[in-house]
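Structure first, then comments.
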Amino acid sequence: MTPDKIKVYSPATVANMVCGFDVLGFALDGPYDELTMSMNKSGAVNIRNLDNFNLPLKAEDNVIGGALLALMAALDDNTGFEIDSRKTIKPGSGIGSSAASAAGAVMGANCLLGNRFSKAELVDFAMYGEKVASGARHADNIAPAIYGGITLIRSSNPLDIVSIPFPPLYVTVLHPLIEVKTSNAREILKKEILLKDAAMQWGNVAGLVAGLMKGDFELIRRSLVDVIVEPVRKILIPGFDAVKSACLEAGALGGGISGSGPSIFMLSETLETANEVAKAIHSCYGKIGIEYDVHVSNINPDGVKIILDPKD
Ligand code: HSE
């Protein structure tokens, strides 16, 4: 029997993983967005915001709406959805706020529909939500939110998603409380790159994937290098070089801009080191004069979680 009402917890994600622009990403344990969902038979997407972010309510202009309208077009009947959305992932934070909304909405809808669609189909629908947010149908936040763990988008068209095995890794995320719009952070990127830079970058992407699969932390460390995107985007993040150096000195394996920023993430081999990295961030970023949050998390192997028949 399919449930009438569900609660969906959709996690923050880190896209790019330094060298893998638009192709690598992983899910975090938190923060989560929360969606309460049920179906209607009027073919409408009715969204209520239970937070203070004032996101648009019109389905076509809303990330949740964009994703659900794509899913509903595939159903081609009069199914619609009622959604109460409580976001805790701040839009423009660089930890997959729009992806959490889009991935949570399509996973929730699929559960209410008795799991008609595959995960790959759900990623495809959710990418229409990302398009509402940034103008680009990238899947590197959506795929890890839906599949959990670390995912590779080998191809976006046709969609080919690969889950990458990984050793225990701990993540420290610095979220400076400034907003960077993904559309702006994409606009400033160079449209053409040198072949020698491309070769370095794909060497690092392949090295990172191999390092994750082999559990080879030294290879992971050597591969967490981005010669293409970070040098351009880091100007959007005050104190980027100083805080990155402080984290590496504290023992992080490596890290960089989370998605399109302004958040910065660092990977560590142990929880103890990840906490040391958090301390190093406080000592360094405390002096920059921008408010910020720091989270320490595991890589979340499960992605979106759904509670059937919630009591509230
Ligand atoms: N891969 C995307 C970008 C992620 O870097 O623009 C945005 O969150």
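The values are calculated or read from the model by the stated rules, or taken from the named source; none is laboratory data. The shown structure was predicted, so the numbers you read here are calculated from the model rather than taken from an experiment. Reconstructed Cβ throughout: ideal geometry from the backbone, glycine too, with neighbour counts over all protein chains shown.
Can you name every residue in the range 149-159 that is crowded, with 24+ Cβ neighbours inside 10 Å and among the polar types (S, T, N, Q)?
Answer for the range 149-159, where residues must be crowded, with 24+ Cβ neighbours inside 10 Å and among the polar types (S, T, N, Q): just THR151.
Please go through the range 1-17 and pick out each residue that is of a type outside the set (Asp, Glu) and surrounded by fewer than 24 Cβ atoms within 10 Å (Cβ to Cβ). Let's see the steps before the verdict.
Initial filter on the range 1-17 (of a type outside the set (Asp, Glu)): 1-3, 5-17.
Of everything in the range 1-17, those that are of a type outside the set (Asp, Glu) and surrounded by fewer than 24 Cβ atoms within 10 Å (Cβ to Cβ) turn out to be MET1, THR2, PRO3, LYS5, ILE6, LYS7, TYR9.
Can you name the strands (runs of 3 or more DSSP E) wholly within the range 1-49 that have at least 2 residues being within 16 Å of the ligand (Cβ to nearest atom)?
5-15, 24-40
Matching residues to (1) modelled with pLDDT under 95; (2) of a type outside the set (Asp, Glu); (3) on the phi < 0 side of the Ramachandran plot:
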site	(1), (2), (3)
ASP216	no, no, yes
ILE237	no, yes, yes
ASP241	no, no, yes
SER268	no, yes, yes
TYR292	no, yes, yes
GLY303	no, yes, no
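Restricting to the range 135-171, and then to whatever is modelled with pLDDT of 95 or more, within 16 Å of the ligand (Cβ to nearest atom) and polar (S, T, N, Q), can you tell me which residue is farthest from LEU28 (Cα to Cα)?
Filtering the range 135-171 for residues that are modelled with pLDDT of 95 or more, within 16 Å of the ligand (Cβ to nearest atom) and polar (S, T, N, Q), the one farthest from LEU28 (Cα to Cα) comes out as SER155.
Of everything in the range 211-233, what is touching a residue at least 24 places away in the same chain (Cβ under 8 Å), in a helix (DSSP H, G or I) and within 16 Å of the ligand (Cβ to nearest atom)? Give them in sequence order.
Filtering the range 211-233 down to residues touching a residue at least 24 places away in the same chain (Cβ under 8 Å) leaves 212-213, 215, 217, 220-221, 223-230, 232-233.
Okay, now just the ones that are also in a helix (DSSP H, G or I), so 212-213, 217, 220-221, 223, 230, 232-233.
Within the range 211-233, GLU230, VAL232, ARG233 meet the criteria.
Among the residues in the range 188-201, are any without any contact (Cβ under 8 Å) to a residue 60 or more places away in the chain, surrounded by fewer than 12 Cβ atoms within 10 Å (Cβ to Cβ), within 16 Å of the ligand (Cβ to nearest atom) and part of a helix (DSSP H, G or I)?
No.
So in the range 172-191, with the set limited to residues that are among the β-branched types (Val, Ile, Thr) and out of contact with any helix residue (DSSP H, G or I) (no Cβ under 7 Å at 6 or more places or on another chain), which one is nearest to VAL243 (Cα to Cα)? Give the steps one after another, and end with the answer.
Residues of the range 172-191 among the β-branched types (Val, Ile, Thr): 172-173, 178, 180, 182, 188.
Then drop every residue that is not out of contact with any helix residue (DSSP H, G or I) (no Cβ under 7 Å at 6 or more places or on another chain), which leaves 173, 178.
On the way: VAL173: 11, ILE178: 16 Å.
Ranking the qualifying residues of the range 172-191, first place goes to VAL173.
For the range 76-93, name all the residues that are in contact with a strand residue (DSSP E or B) (Cβ under 7 Å, 6 or more places away or on another chain) and either within 13 Å of ALA133 (Cβ to Cβ) or surrounded by fewer than 24 Cβ atoms within 10 Å (Cβ to Cβ) (or both). Spell out the reasoning first.
We begin by selecting, within the range 76-93, every residue in contact with a strand residue (DSSP E or B) (Cβ under 7 Å, 6 or more places away or on another chain); these are 79-89, 93.
THR79, GLY80, GLU82, ASP84, ARG86, LYS87, THR88, ILE89, SER93, listed by residue number.
Among the residues of the range 70-85, count how many are out of contact with any Gly (no Cβ under 6 Å at 6 or more places or on another chain) and in a strand (DSSP E or B).
Residues meeting the conditions: 5.
Take the range 86-123 and flag every residue that is more than 25 Å from ASN54 (Cβ to Cβ) and not in a helix (DSSP H, G or I).
Step one: list which residues in the range 86-123 are more than 25 Å from ASN54 (Cβ to Cβ), which gives 110-123.
The answer is LEU113, GLY114, ASN115, ARG116, PHE117, SER118.
What pairs come up if the first residue lies in the range 251-265 and is more than 9 Å from VAL14 (Cβ to Cβ) and not assigned by TED's automatic domain parsing to the domain that holds ALA280, the second is more than 13 Å from the ligand (Cβ to nearest atom) and part of a loop (DSSP other than H, G, I, E, B), and their beta carbons are under 7 Å apart, counting only those six or more places apart or on different chains?
none
Check whether at least one residue in the range 29-47 is under 17 Å from the mean Cα position of the chain (by Cα), charged (D, E, K, R) and surrounded by fewer than 24 Cβ atoms within 10 Å (Cβ to Cβ), and report yes or no. Please lay out each step first, then the result.
Initially, the range 29-47 is screened for residues under 17 Å from the mean Cα position of the chain (by Cα), giving 29-35.
Cutting the leftovers down to charged (D, E, K, R) gives us 29, 33-34.
Filter once more, keeping what is surrounded by fewer than 24 Cβ atoms within 10 Å (Cβ to Cβ): 29, 34.
Checked the range 29-47: at least one residue is under 17 Å from the mean Cα position of the chain (by Cα), charged (D, E, K, R) and surrounded by fewer than 24 Cβ atoms within 10 Å (Cβ to Cβ).
Scanning for something among the hydrophobic types (A, V, I, L, M, F, W, C) and in contact (Cβ under 8 Å) with a residue 60 or more places away in the chain, does the range 84-96 turn up at least one residue? Spell out the reasoning first.
Pass one, the range 84-96, residues among the hydrophobic types (A, V, I, L, M, F, W, C): 89, 95.
Keeping just the survivors that are in contact (Cβ under 8 Å) with a residue 60 or more places away in the chain gives 89, 95.
Within the range 84-96, one or more residues are among the hydrophobic types (A, V, I, L, M, F, W, C) and in contact (Cβ under 8 Å) with a residue 60 or more places away in the chain.
Exactly one condition in (1) surrounded by 24 or more Cβ atoms within 10 Å (Cβ to Cβ); (2) in contact with a strand residue (DSSP E or B) (Cβ under 9 Å, 6 or more places away or on another chain); (3) part of a helix (DSSP H, G or I) is false for ALA126; which is it?
Looking at each condition in turn, ALA126 falls short on (2).
What number of residues in the range 104-120 are surrounded by fewer than 17 Cβ atoms within 10 Å (Cβ to Cβ) and more than 18 Å from the chain's Cα centre (by Cα)?
5
Between a residue in the range 133-148 that is crowded, with 21+ Cβ neighbours inside 10 Å and any residue that is in a helix (DSSP H, G or I) and acidic (Asp, Glu), which pairs come within a Cβ distance under 8 Å, given they are 6 or more apart or on different chains?
So the pair list comes out as HIS138/GLU130; ALA139/GLU130; ASN141/GLU130; ILE142/GLU130.
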